Amino acid sequence: MPDETDNFERGMVTRRAVLGDTHVNGAETAKTAFDTDFQTFITEGAWGSVWSRPGLTRRERSLITIALLAA
């Protein structure tokens, strides 16, 4: 089972591939003491685990995300 460091690193790669360097750099620059732990949690959990696992394309994951938000 991958450790949190692997999930964070994999998450940052996926996050940058999906959202782009400009967005991620801006979000990283804007982090505060209040939201740093949450940003780490999202990067490890959502981007490093869910969005990085095999089985669906990024397009399919995006469509599922949009459908869930619309529902």
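Observations, loosely collected:
- Residue count, segment 18-71 (criterion: open to solvent by 70 Å² or more (accessible area, probe 1.4 Å) and farther than 24 Å from THR5 by Cβ): 12
- All positions within segment 12-26 that are touching a helix residue (DSSP H, G or I) at 6+ places or on another chain (Cβ under 7 Å) and either closer than 14 Å to SER62 by Cα or at pLDDT below 95 (or both): THR14, ARG15, VAL18
- Residues of segment 47-58 that turn out to be assigned to a loop (DSSP other than H, G, I, E, B) and on the phi < 0 side of the Ramachandran plot, as a count: 6
The values are calculated or read from the model by the stated rules, or taken from the named source; none is laboratory data. Model, not experiment: these values are computed from the prediction. Ideal geometry is used to build each Cβ from the backbone, glycine not excepted, and the neighbour counts take in all protein chains shown. Surface areas here come from the heavy atoms of the whole protein model, side chains and all, with no ligands, DNA or RNA. Shrake-Rupley method; radii C 1.70, N 1.55, O 1.52, S 1.80 Å.
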